[in-house]
Amino acid sequence: MSTPRLIINGAKGRMGQALLAAARELSLPVAAALDSGDDLAAALPGADVVVDFSSHTATGKVIELAVAHRKALVIGTTGHAAAEKAHLAALAARVPTVWAGNFSIGVNLLFALTARAAQVLGDDYDAELVEMHHRHKRDAPSGTAVRLLELILEGRKLGPEALRHGRSGITGERTRQEVGVHALRGGGVVGDHTVIFASPGERLELTHKAGDRAIFAQGALRAAQWVVDRPPGLYDMQDVLGLKD
Ligand code: NAD
């Protein structure tokens with residue numbers, strides 16, 4: 001793997017700090033640690049990869065500048081509307097880009113297991129998703145939950161209209177064509193996700209609990225080392241970890 005020169009964007013944030021610590025541990029050079037108000041364009045010539053964990057409102061500008069300077073990208077921000085994300089992803093594919101809603105290895109395995117379970121279990125098993133994050137999180141459901149839901153919907157051949165966000169009131173009986181989504185917020189929880197498949201006779205629960213932001217930072221820097229030598233295109237952590245068969 002290469003030793004790319006990094007720009008950490010969002011460097012003063014929780015993830016930014018975890019990324020700087022992980023870069024120190026891996027002895028990866030940080031060309032610039034930037035936050036709001038800093039000049040990304042000026043820093044780009046001295047770097048190979050921009051690692052962006054700032055804000056979804058910043059992603060468009062970050063991608064535009066990286067494409068203009070032909071620099072690789074690792075994007076971790078979440079909370080984009082679907083249409084905006086599709087537009088930005090197409091733009092980002094002009095340079096080597098890893099974009100993942102979750103950079104942890106365990107969660108990427110959870111993605112693969114969830115896809116398999118949704119295919120195998122079929123519609124006699126009601127699928128529900130519960131996620132919990134710290135009180136500061138601004139978007140819901142989490143980017144990881146959104147990806148898990150996409151995998152469940154694909155496996156069950158359902159469209160996004162099947163999603164039921166936080167039931168309340170007289171909702172009527174649950175139908176087989178729905179997937180419940182529940183976002184809990186509180187305290188300092190780094191990120192918990194549980195996918196439940198329940199039939200009348202049994203229940204399968206797949207749970208991942210993140211204990212430390214370091215797991216995302218380590219995964220993101222592994223992605224930065226991997227992506228810098230790739231041809232332009234949009235990749236995800238399944239590519240980086242070789243989980244695609
Ligand atoms: P945070 O609020 O602690 O940090 C964000 C930082 O970005 C702040 O310092 C803020 O000043 C800065 N920022 C805001 N706008 C900016 C801009 N235009 N340019 C440069 N810097 C800017 O948030 P966090 O918990 O560190 O999370 C940051 C992002 O990463 C969120 O979108 C979050 O959902 C995402 N995240 C992704 C993963 C993953 O594995 N993909 C894991 C954790 C968090």
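The values are calculated or read from the model by the stated rules, or taken from the named source; none is laboratory data. Since the model is a prediction, treat every value here as computed from it, not as a measurement. Every residue, glycine among them, receives a Cβ derived from its backbone with ideal geometry; neighbour counts consider all protein chains shown. Note: accessible area is taken over every heavy atom of the protein model, side chains too, but ligands, DNA and RNA are not part of it. Shrake-Rupley method; radii C 1.70, N 1.55, O 1.52, S 1.80 Å.
Please work out which residue is nearest to Ala223 (Cα to Cα), limiting yourself to segment 28-53 and to residues that are in contact with a Ser or Thr (Cβ under 8 Å, 6 or more places away or on another chain) and open to solvent by 50 Å² or more (accessible area, probe 1.4 Å).
Ranking the candidates gives Pro29 first.
Would you be able to say whether some residue in segment 16-23 is out of contact with any Cys (no Cβ under 7 Å at 6 or more places or on another chain), near the ligand (Cβ under 9 Å from one of its atoms), at pLDDT 95 or above and open to solvent by 30 Å² or more (accessible area, probe 1.4 Å)?
yes
Which residues, taken from segment 24-64, are touching a Lys or Arg at 6+ places or on another chain (Cβ under 6 Å), away from the ligand (no atom under 13 Å from the Cβ) and either of a type in the set (Asp, Glu) or not assigned by TED's automatic domain parsing to the domain that holds Ala93 (or both)?
Residue satisfying the conditions is Asp48 alone.
From Gly172, Gly233, Gly191, Gly166, grab the single residue that is within 16 Å of the chain's Cα centre (by Cα) and of a type in the set (Gly, Ala, Ser).
Gly191
List the pairs whose first member sits in segment 173-192 and is of a type in the set (Gly, Ala, Ser), whose second member is in a loop (DSSP other than H, G, I, E, B) and surrounded by 17 or more Cβ atoms within 10 Å (Cβ to Cβ), and whose Cβ atoms are under 8 Å apart, counting only residues at least 6 apart or on separate chains?
Correct list of pairs: Ala183/Ala140; Ala183/Pro141; Ala183/Ser142; Gly191/Asn102; Gly191/Ser142.
Restricting attention to segment 84-98, and to residues there that are open to solvent by less than 40 Å² (accessible area, probe 1.4 Å) and in contact (Cβ under 8 Å) with a residue 40 or more places away in the chain, which single residue is nearest to the ligand (Cβ to nearest atom)?
The extreme case among them is Val98.
Considering only segment 111-119, I want to know if a residue exists there that is within 16 Å of the ligand (Cβ to nearest atom) and outside the structural domain of Asp229 (by TED's automatic domain parsing).
There is at least one residue in segment 111-119 that is within 16 Å of the ligand (Cβ to nearest atom) and outside the structural domain of Asp229 (by TED's automatic domain parsing).
If a residue has to be of a type outside the set (S, T, N, Q) and open to solvent by 20 Å² or more (accessible area, probe 1.4 Å) to count, how many in segment 61-83 make the cut?
Matching residues across segment 61-83 total 13.
In segment 124-136, what count of residues is obtained for those that are within 16 Å of the ligand (Cβ to nearest atom) and out of contact with any strand residue (DSSP E or B) (no Cβ under 6 Å at 6 or more places or on another chain)?
Looking only at that region, the number is 2.
Only one of these is in contact with an Asp or Glu (Cβ under 6 Å, 6 or more places away or on another chain), open to solvent by 50 Å² or more (accessible area, probe 1.4 Å), outside any strand (DSSP E or B) and under 24 Å from Arg116 (Cα atoms): Arg176, Arg164. Name it.
Checking each option against the conditions leaves just Arg176.
Does at least one position in segment 161-183 carry a residue that is within 16 Å of the ligand (Cβ to nearest atom) and not β-branched (Val, Ile, Thr)?
Yes, segment 161-183 contains a residue that is within 16 Å of the ligand (Cβ to nearest atom) and not β-branched (Val, Ile, Thr).
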